[in-house]
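The values are calculated or read from the model by the stated rules, or taken from the named source; none is laboratory data. This one's a predicted model, so the numbers in the text were calculated from it and none came from an experiment. As a convention, Cβ positions derive from the backbone with ideal geometry for all residues, glycine included, and neighbour counts pool all protein chains shown.
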Amino acid sequence: MRSEQRLEIAQTERGKFGDPRAAAAVEAAMEAHDRRLRRYFAQLLGVDGADDAVQELYARLLHVARNGGPDAFSLGYLKRAAESVVFDILRRRRTRRTRDSVELDPETPADAPTPFDHARERQRLNHLKDAILNLPPLQRRVLTMHRFEDMSLADISREMGVPLRTVQRQMMNALANCRLHLDQRGWSDQ
């Protein structure tokens, strides 16, 4: 707060005091330690927060003076009052962040799977199992070796003693037959 603003507030406040010396004591203390207080507030609250903190400290000191405070405010008193202002501003910021956070409605579904999700997945796996069991033996063997035993198509080709192109075609046909089986049961694109 600039000294013109403080002077204006002090003059306004002097009319509220029985003793004009109290407002003058606040004005004198703030004027004497303005730089030091601004630096302190800027370090803890940032440059933007420093002006608000100085203003709040000034208002608190005027309130103390209005209620029979000291004739002069020592540097120690100003430091304790400044610490209190910083503490209160930080607490308000923390409370504001908490208040601004979104509260979930208890009726909002959780990310965890529901019993319905479990049943649906179990049903889908049963359909997939049926699809694999209904594959021709060569397609079923290639699919299980590749998908469940993590074998490469080249390794399957070597182990079965058939050309790689045959293994690739059997794998393609196996996947197409499984998709067809699932599509016929309403499980496409899942």
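If I go through segment 109-131 residue by residue, how many of them are surrounded by 10 or more Cβ atoms within 10 Å (Cβ to Cβ) and either touching a helix residue (DSSP H, G or I) at 6+ places or on another chain (Cβ under 7 Å) or not basic (Lys, Arg) (or both)? Residues that pass the stated criteria total 13.
Taken together, 161, 186 contain a single residue that is out of contact with any Ser or Thr (no Cβ under 8 Å at 6 or more places or on another chain), of a type in the set (Gly, Ala, Ser) and farther than 28 Å from residue 119 by Cα, which is 161.
For segment 65-86, a residue qualifies if it is out of contact with any Pro (no Cβ under 8 Å at 6 or more places or on another chain) and not small (Gly, Ala, Ser), and the qualifying residues are 66, 67, 70, 71, 73, 75, 78, 79, 80, 83, 85, 86.
Tell me yes or no: at least one residue of segment 137-158 is among the basic types (Lys, Arg), surrounded by fewer than 12 Cβ atoms within 10 Å (Cβ to Cβ), at pLDDT below 90 and part of a helix (DSSP H, G or I). Within segment 137-158 (the criterion being among the basic types (Lys, Arg), surrounded by fewer than 12 Cβ atoms within 10 Å (Cβ to Cβ), at pLDDT below 90 and part of a helix (DSSP H, G or I)), the answer is no, since none of the residues qualifies.
Within segment 60-99, how many residues are surrounded by 12 or more Cβ atoms within 10 Å (Cβ to Cβ) and not in a helix (DSSP H, G or I)? Final tally of qualifying residues: 4. Residue 174 passes every criterion in (1) closer than 26 Å to residue 123 by Cβ; (2) in contact with a Pro (Cβ under 8 Å, 6 or more places away or on another chain) apart from (2). In segment 110-134, the residues that are at positive phi never reach a residue that is part of a loop (DSSP other than H, G, I, E, B) with C-beta atoms less than 6 angstrom apart, at least six apart or across chains.
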